[in-house]
Ligand SMILES: Nc1ncnc2c1ncn2[C@@H]1O[C@H](COP(=O)(O)OP(=O)(O)O)[C@@H](O)[C@H]1O
Ligand SMILES: [Mg+2]
């Protein structure tokens, strides 16, 4: 079931991407970074978006935020429906109001997203003063409360510190505090734990899950790490070369990945490959977005590709027998299932 089927008639989704296309112009030609992406998030649920670096995960998220630099980028097609309204029809002013207030985003490297010359308190206060129109003293109290909520010790002192005085894990907590400070209904987290060591990573994921339960917000969690997805997501979109190649409930995907690319991702996971299976990385590389192969974009790396795969692009279609809106873009469903 495509996300389309729900659109326009009182959608139950918080966010729906329908056939989104975001392209960049460059010297090498048009980069089709996001090239027909559909997925959806229900209120309170987490969608995991996975795929190797360069598959278009971040560009899709930045498109939702209205943060694609233009030029060179442009959303050239599709829809982004948030709470029943197409964000692509919003003015820059309306998008500024939505960003931070209704949809917040956190990034992999908090040091680049935080401003080094302002205290963490100032940066939280700026967000709430902008969106909520409250005065400084109340904003400061709210900032301290938010730091406490994200588990930062001694928040009354930390509120006056600068980003460089904090550890990587604490900085990511500050980013989450900023993101959560206006109670967004959607949080987009783009590789939020990639730069952190494993213990801190687990703490941050736990924190996000706890805040999500309290606030009932939807989460889009972008990661190249399937183990992280297993831990937090209900649904998963597997992206490759600007497209969703498989879209499934997390249990279905982990039980039996259907796309050869998904299978390849699992084989490269130490925890999930199983004791007797050798760890394998998928041979070859994600093609540049200016030069996608003909037919199925995965065919040069696919162990079961045929002539048809080289010629004809597979559509993302419902998987036979799937009860849960699972979809797959592969010409060789049967053989893929046996991989
Ligand atoms: N500002 C930009 N200008 C040109 N190409 C871009 C720009 N941002 C991203 N791209 C291209 O879009 C493709 C997808 O990138 P991205 O969404 O960042 O991948 P991911 O987040 O999955 O690693 C890449 O090929 C990248 O080079
Ligand atoms: Mg990215």
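The values are calculated or read from the model by the stated rules, or taken from the named source; none is laboratory data. The structure presented is a predicted model; accordingly, all values stated were derived computationally and were not measured. Because the Cβ atoms are built from the backbone with ideal geometry, glycine has one as well, and the counts that use them run over all protein chains shown.
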Is at least one residue of segment 194-201 under 23 Å from residue 102 (Cα atoms), away from ligand 1 (no atom under 16 Å from the Cβ), touching a residue at least 12 places away in the same chain (Cβ under 8 Å) and not in a loop (DSSP other than H, G, I, E, B)?
-> no
Quick check, is residue 58 closer than 28 Å to residue 284 by Cα, modelled with pLDDT under 95 and either within 16 Å of ligand 2 (Cβ to nearest atom) or surrounded by fewer than 16 Cβ atoms within 10 Å (Cβ to Cβ) (or both)?
-> no
Inside segment 61-82, can you point out the residues that are more than 6 Å from ligand 1 (Cβ to nearest atom) and free of Cβ contacts under 8 Å to residues at least 60 places away in the same chain?
-> 62, 63, 66, 67, 68, 70, 71, 74, 75, 76, 77
Examine segment 185-192 for a residue that is crowded, with 16+ Cβ neighbours inside 10 Å, in contact with a helix residue (DSSP H, G or I) (Cβ under 9 Å, 6 or more places away or on another chain) and part of a helix (DSSP H, G or I), and state whether such a residue exists.
-> no
When restricted to 111, 125, the only residue assigned to a helix (DSSP H, G or I), away from ligand 2 (no atom under 16 Å from the Cβ), within 27 Å of residue 224 (Cα to Cα) and out of contact with any strand residue (DSSP E or B) (no Cβ under 6 Å at 6 or more places or on another chain) is 111
Looking at segment 209-228, is at least one residue under 13 Å from the mean Cα position of the chain (by Cα), buried (at least 23 other Cβ atoms within 10 Å of the Cβ) and more than 17 Å from residue 106 (Cα to Cα)?
-> yes
Kindly indicate whether any position in segment 301-320 is assigned to a helix (DSSP H, G or I), touching a residue at least 12 places away in the same chain (Cβ under 8 Å), more than 18 Å from residue 56 (Cβ to Cβ) and out of contact with any helix residue (DSSP H, G or I) (no Cβ under 8 Å at 6 or more places or on another chain).
-> yes
In segment 21-49, what residues are touching a helix residue (DSSP H, G or I) at 6+ places or on another chain (Cβ under 6 Å) and within 20 Å of residue 297 (Cβ to Cβ)?
-> 22, 33, 34, 37, 38, 49
Of those in segment 103-161 that are surrounded by 13 or more Cβ atoms within 10 Å (Cβ to Cβ) and within 16 Å of ligand 1 (Cβ to nearest atom), the residue modelled with the lowest pLDDT is 109
When residue 284 is run through (1) within 16 Å of ligand 1 (Cβ to nearest atom); (2) in contact (Cβ under 8 Å) with a residue 40 or more places away in the chain; (3) under 17 Å from residue 51 (Cβ atoms), the failure sits at (2)
Which condition number in (1) within 12 Å of ligand 1 (Cβ to nearest atom); (2) at pLDDT 95 or above; (3) within 17 Å of residue 247 (Cα to Cα); (4) outside any helix (DSSP H, G or I) is the one that residue 52 fails?
-> (2)
Give the residue, chosen from 244, 228, that is within 16 Å of ligand 1 (Cβ to nearest atom) and either in a helix (DSSP H, G or I) or in contact with a helix residue (DSSP H, G or I) (Cβ under 9 Å, 6 or more places away or on another chain) (or both).
-> 228
